[in-house]
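Undergrad: Sharing a structure with you now.
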Amino acid sequence: MKKLVFIFLMIISFSASAQVFINRVGNSNMPKFVIENGKTFIYHKVGGKIELGFTFDQVPLIYDNADGRSRAKMTVSTTDKVAKRTFVITYTLHRQTQKYGAGIEYTVDFHDKRPTKFLNEYFNAN
């Protein structure tokens, strides 16, 4: 019962306030992503400026709550004229320290003859 209450409180806390994840690499083209009000926002650098790149109407859901950690995961895809982009967004809350770690596996499958691109980005909570 305690685990169920904890999971419920985690879901409410994510929907009530924004959780900002900042990339561990300062010069990355994917500087941050934000989870807020049931949506996930992924930002990109365009010409040196940070701009909103993708918005998804869902958030990572908790799938594991063992070992003093809460793990959440979400897989989303989007397609445009250039490529199909797939994002696997994960985060882990270490309950003892109340610190988050997150990652995005980003796959770009181009529609033309360019090879598929695989990127991994790692984030810390702000």
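Undergrad: Tell me what the chain gives for mean residue ellipticity at 222 nm when only DSSP H runs of n ≥ 4 count, each as -39,500 (n - 2.57), the sum divided by the residue total, rounded to 500 deg cm²/dmol. Display every interim value, and only then the final one.
TA: Details: 1 runs with 15 residues, N = 126.
Helices in the chain give a 222 nm mean residue ellipticity of -4000 deg cm²/dmol.
Undergrad: Tell me the relative contact order for the stretch 19-125 as a rounded percent, counting alpha carbon contacts under 8 Å between residues six or more apart.
TA: Details: 238 pairs, mean separation 21.8, N = 107.
Rounded, it is 20 percent for the stretch 19-125.
Undergrad: For the full complex of protein chains and a 1.4 angstrom probe, list 44, 94 by accessible area with the highest value first. Could you put the intermediate results ahead of the total?
TA: Working: 44 30, 94 70 Å².
Sorted by accessible area, descending: 94, 44.
Undergrad: Over the chain, how many pairs of lysines fall under 22 Å by alpha carbon, counting only those 8 or more apart in sequence or from different chains?
TA: 23
Undergrad: For a quick check, take a GNM of the chain with Cα springs below 10 Å and name the residue from 45, 84, 113 with the largest mean-square fluctuation.
TA: Looking only at 45, 84, 113, the largest GNM fluctuation is found for 113.
Undergrad: Further question: With springs only between Cα atoms under 10 Å, which of 66, 102, 18 fluctuates most in a Gaussian network model of the chain?
TA: 66
Undergrad: How much of the accessible area of the stretch 23-126, in percent, comes from carbon and sulfur atoms when a 1.4 Å probe is used? If you can, show how the numbers build up before the last one.
TA: On the way: 2950 of 6370 Å².
C and S atoms contribute 46 percent here.
Undergrad: Specify the angular offset, from 0 to 90 degrees and rounded to the nearest 10, of the alpha carbon long axis of helix 2-16 from the longest principal axis of the alpha carbons in the chain.
TA: 50
Undergrad: Determine the dipole magnitude for the chain: charges of +1 sit on the beta-carbon of Lys and Arg, -1 on that of Asp and Glu, nothing else is charged, the reference point is the Cα centre, and the result goes in debye to the nearest 20. Please list the in-between numbers first.
TA: Details: 18 positive and 10 negative charges, 38 e Å.
My answer is approximately 180 debye.
The values are calculated or read from the model by the stated rules, or taken from the named source; none is laboratory data. These numbers come from a predicted model, not from an experiment. FYI the Cβ positions are ideal-geometry reconstructions off the backbone, even for glycines, and counts take in every protein chain you see. Heads up: the accessible areas ignore ligands, DNA and RNA and are worked out on the full protein's heavy atoms, side chains in. Shrake-Rupley method; radii C 1.70, N 1.55, O 1.52, S 1.80 Å.
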